[in-house]
Amino acid sequence: MDHMRGDAPERSSVAKVDSEIRMCPECGSNSVVEDLTRGERVCGGCGLVLSDHRIDSGAEWRAFSSEEADARSRVGAPLRYTVHDKGLSTVIDWRDRDTSGRKLTPTRRSEIYRLRKWQIRSRVHSSMDRNLAQAMSELERLASQLGIPKPIRELSALLYRKSIIKKLVRGRSIEAMVAATLYAACRIRKKPRPLDEVADASRVDKKKLGQCYRLLLRSLAIKIPLSNPIDYISRFASQLSLSSPVQLRTVEILKRSRDIGLTIGRDPLGLAAAAIYVASIMLDERRTQREIAEVARVTEVTVRNRYKEIVRKLGIDTMSLA
């Protein structure tokens, strides 16, 4: 039976309370404290026990190292969209040894060789599987070169699989479609990369990459969030070796610019570069316009024009920036 913490009276009706409740039915407080040791959820206001006997869905065994956890685990690897067969197929090991570690006989070794060869052929037997195998290999290469994290890679692979189902890949370059899905995935996860950077790493013409990207948006009905200059700040500042205070000041400048409508209709890359230039001068960590322009992949003229607009609109004293 549920009970009360402190001086609050007991209530038998608490057992009917949903385990995911976020408001106390006694005092209406939203302060819910989770006691993982007892498996209880208690109201922080009056002490009413909202739920108890929560089920632990984790493993029943304990492990004190990664090797011990791997040895005790009874499940395989999770599904991965970045593998053409999602990691569901089996693989015959290349080491010619049995389960006891003994070497195989020559006859058995030749038999295993033939089985391994046909097993590899059976994994990639259809045209779609061959296309996916080549595309996922290109995706891993491109994402590794650009330093894209795993969740964005998985989303890119999922978008590519949807494009195959929609038959968008037919008659188009696999490299261009992979680069387009990766560019879209970065935009969706708000970790954007400049189109020029993706095009250079994928060895695909920028114009062709843009065409494939627009095709994905139309055919898959993808909702891309509006590009925000703030999303570029951390990566640009890292490449320029700027400190955290400069990044914070840059974000502050961009937020003030957005409040007065300065960001409307302007390239986010140019705005991010100009804001970094202003912040670096204000905090005495100067970087030249050429250095910032090369990192942001814009021209020095763009940085200079956006810089003048920010200084004029925000009323920043140009004498202090000299």
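Bear in mind that the values in this text are calculations on the coordinates, not laboratory data. Quick caveat, the model's predicted, so the values are computed rather than measured. Every residue, glycine among them, receives a Cβ derived from its backbone with ideal geometry; neighbour counts consider all protein chains shown.
Please build a GNM for the chain, connecting alpha carbons under 10 Å apart, and tell me which residue among Arg41, Arg153, Arg95 fluctuates the most. Judging by the Gaussian network model, the answer is Arg41.
Once you reduce region 134-171 and region 261-308 to the center of their Cα atoms, the two points are 32 Å from each other.
Taking only complete DSSP H runs, can you tell me which helices of the chain stretch 15 Å or more along their own long axis by Cα positions and average at least -1.0 on the Kyte-Doolittle scale? Before the final figure, lay out the partial values.
Numbers: long enough: 106-123 (26 Å, -1.73); 127-146 (28 Å, -0.40); 150-165 (23 Å, 0.12); 174-188 (21 Å, 1.36); 206-220 (21 Å, -0.35); 244-259 (23 Å, -0.71); 268-282 (21 Å, 1.84); 300-314 (21 Å, -0.86).
Result, helices passing both filters: 127-146, 150-165, 174-188, 206-220, 244-259, 268-282, 300-314.
Straightening the chain between Glu68 and Tyr113 buys 13.0 nm, computed as 0.36 nm per residue apart minus the Cα-Cα spacing.
Connecting C-alpha atoms closer than 10 Å in a GNM of the chain, tell me which of Gly47, Gly270, Gly147 has the biggest fluctuation. Among Gly47, Gly270, Gly147, the largest mean-square fluctuation in the Gaussian network model of the chain belongs to Gly47. Taking Ala69, Ala133, Ala221 as the candidate residues, the one with maximal mean-square fluctuation in a Gaussian network model of the chain, Cα springs under 10 Å, is Ala69. Labels on offer are [x] 1.12; [y] 1.05; [z] 1.00, and the one holding Rg/Rh (Cα atoms, Kirkwood Rh) computed from this structure is [x]. Cβ-to-Cβ counts within 10 Å put Ile233, Ile164 in ascending order as Ile164, Ile233, the fewest first. By a straight-distance test (C-alpha under 30 Å), which lysines pair with Lys223 as possible cross-link partners, with residues fewer than eight away in the same chain excluded? Counting by Cα, and skipping residues close in sequence, Lys223 has these lysines nearby: Lys86, Lys150, Lys162, Lys166, Lys167, Lys190, Lys191, Lys206, Lys207, Lys208, Lys255.
What the Cβ-Cβ distance of Arg38 and Ala77 gives, at R0 = 30 Å and to the nearest 0.05, is a FRET efficiency of 0.30.
Once C-alpha pairs closer than 8 Å and six or more residues apart are averaged by separation and normalised to the residue number of region 107-252, the relative contact order reads 19 percent. Counting neighbouring beta carbons within 10 Å and listing from fewest to most, the residues Trp118, Trp94 come out as Trp94, Trp118.
Ranked for footprinting exposure by Cβ neighbours inside 10 Å, fewest first, Cys212, Cys46 give Cys46, Cys212. Rounded, prolate or oblate: which fits region 22-178, taking a ≥ b ≥ c as square roots of the Cα gyration tensor eigenvalues, rounded meaning a/c under 1.5, else prolate when a/b beats b/c? Because a/c hits 1.5 or more and a/b fails to exceed b/c, region 22-178 counts as oblate. Stretched out straight at 0.36 nm per residue, the stretch from Cys27 to Asp259 would grow longer than its current Cα-Cα span by 79.5 nm.
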